[in-house]
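One structure below.
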Amino acid sequence: MKLLIKFLTLWLFLFAASGTFSLADEPVTKVVLLGTGNPNATPDRLGPATAIVVGGNVYLVDFGVGITRAVQAAKNAGLEAMSQENLTIAFLTHIHSDHTLGLSDLINTPWILGREEPLEVFGPKGVEDLVNHTLLAYQGDIKLRAEGTQPSNNTGWQAVAHEIGAGIVFRDEYVTVTAFEVCHGQIKPSFGFRFDTPDKVIVISGDTTYCRALIEAAKGADILVHEVYSEAGFETLPEDWKIYHSAHHTSASDLARIANEVRPGLLVLSHQIQWDDLPYELILEEVKKEYDGEVAFGNDGDVY
């Protein structure tokens, strides 16, 4: 028996060394920034949307304006998994319009381009109304395409909403997705999401201020994608907007505090908010003043 075990061990080692088999062969997780914008109509930034790609599967977080175009751009750049047919699972942080305006695009465009599986959307209370009313708004278009002469299927336009709470909200062979409540002013509940994959831990903050729940959820993260606003730009605002943003979003210095506690492998700035025509990159400088870890200023189309 000992001889047999030695033989099998040697065989597995040689087979793995040949490149045909590997005991450590796991999917490579990538984070794709599809849109890094905010409610401001900045022409060079699409609405908030991020993709986690693992094992050939695509998991979306938020669906701002332009999401399917951004997905196609990522595929054209060489990410084969980023196909319209793969857009079947999406997670919503909260129901603010800049994070949801691409829902009708996400329901209809991939179906028109061949998606056969229904879209599943996981989000806070209110997401069921959002999905169902969007389907109702487009029922005329769906009927024309499904019953007319255009080639189509009768499943890919369907969408199913799952209203979630904090905790594990999704699991398959590639990811475990955990939702945690964040501190987005009076917008409750608002969620961030943690993705545990075979090779990485990815955390998406959603919209939030400095928040203990996020810090705890993000500990051990390889990549933390976090929203941020410029402090220099903030000082140019009228008082009512200062009150709003300080209660709903994260300043550069507060993000540095968060990062110093979490110490992620990489901090990625997204959903950046800047004002008064100041350069967006100034936000990066503000964070780096108080945080010495690896930081990337996210732009649409960036891949990590």
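Details
- Output for the stretch 93-116, where each listed residue is surrounded by fewer than 17 Cβ atoms within 10 Å (Cβ to Cβ) and out of contact with any helix residue (DSSP H, G or I) (no Cβ under 8 Å at 6 or more places or on another chain): Ser97
- Residue selection: Gly123 fails the criterion of being crowded, with 21+ Cβ neighbours inside 10 Å and touching a helix residue (DSSP H, G or I) at 6+ places or on another chain (Cβ under 7 Å).
- Residue match in the stretch 150-171 (condition: among the charged types (D, E, K, R) and touching a residue at least 40 places away in the same chain (Cβ under 8 Å)): yes
- Residues (open to solvent by less than 50 Å² (accessible area, probe 1.4 Å) and closer than 18 Å to Leu33 by Cα) located in the stretch 269-299: Leu269, Ser270, His271, Gln272, Ile273, Tyr280, Ile283, Leu284, Val295, Ala296, Phe297, Gly298
- Members of the stretch 54-76 found to be outside any loop (DSSP other than H, G, I, E, B), out of contact with any Phe, Trp or Tyr (no Cβ under 8 Å at 6 or more places or on another chain) and either of a type in the set (A, V, I, L, M, F, W, C) or in contact (Cβ under 8 Å) with a residue 40 or more places away in the chain (or both), listed by number: Val58, Ile67, Thr68, Ala70, Val71, Ala73, Ala74
- Single residue of the stretch 156-199 satisfying the filter (outside any strand (DSSP E or B) and aromatic (Phe, Trp, Tyr)) that is surrounded by the most Cβ atoms within 10 Å (Cβ to Cβ): Trp157
- Annotation: Leu79 fulfils all but one of (1) in a loop (DSSP other than H, G, I, E, B); (2) in contact with a strand residue (DSSP E or B) (Cβ under 8 Å, 6 or more places away or on another chain); (3) open to solvent by 10 Å² or more (accessible area, probe 1.4 Å); (4) within 25 Å of Phe180 (Cβ to Cβ); the unmet one is (4).
- Selection within the stretch 258-304 - among the aromatic types (Phe, Trp, Tyr) and without any contact (Cβ under 8 Å) to a residue 60 or more places away in the chain: Trp275, Tyr280, Tyr291, Phe297
- Residues that are among the charged types (D, E, K, R) and either within 20 Å of Leu87 (Cα to Cα) or surrounded by 12 or more Cβ atoms within 10 Å (Cβ to Cβ) (or both), drawn from the stretch 127-144: Glu128, Asp129, Asp141
- Which numbered condition Glu147 misses (of (1) open to solvent by less than 60 Å² (accessible area, probe 1.4 Å); (2) without any contact (Cβ under 8 Å) to a residue 24 or more places away in the chain): (1)
- Exclusive hit being closer than 20 Å to Val228 by Cα and either modelled with pLDDT under 95 or of a type in the set (S, T, N, Q) (or both), set Thr50, Thr20, Thr9: Thr50
- Checking the stretch 249-258 against the condition returns no match, with no residue being open to solvent by 10 Å² or more (accessible area, probe 1.4 Å), in a strand (DSSP E or B) and closer than 26 Å to Ala51 by Cβ.
- If you go through the stretch 39-65 and pick out every residue that is under 18 Å from Leu130 (Cα atoms) and of a type outside the set (A, V, I, L, M), you end up with 5.
The values are calculated or read from the model by the stated rules, or taken from the named source; none is laboratory data. The shown structure was predicted, so the numbers you read here are calculated from the model rather than taken from an experiment. Because the Cβ atoms are built from the backbone with ideal geometry, glycine has one as well, and the counts that use them run over all protein chains shown. These area figures cover heavy atoms from the full protein model, side chains too; ligands, DNA and RNA do not enter into them. Shrake-Rupley method; radii C 1.70, N 1.55, O 1.52, S 1.80 Å.
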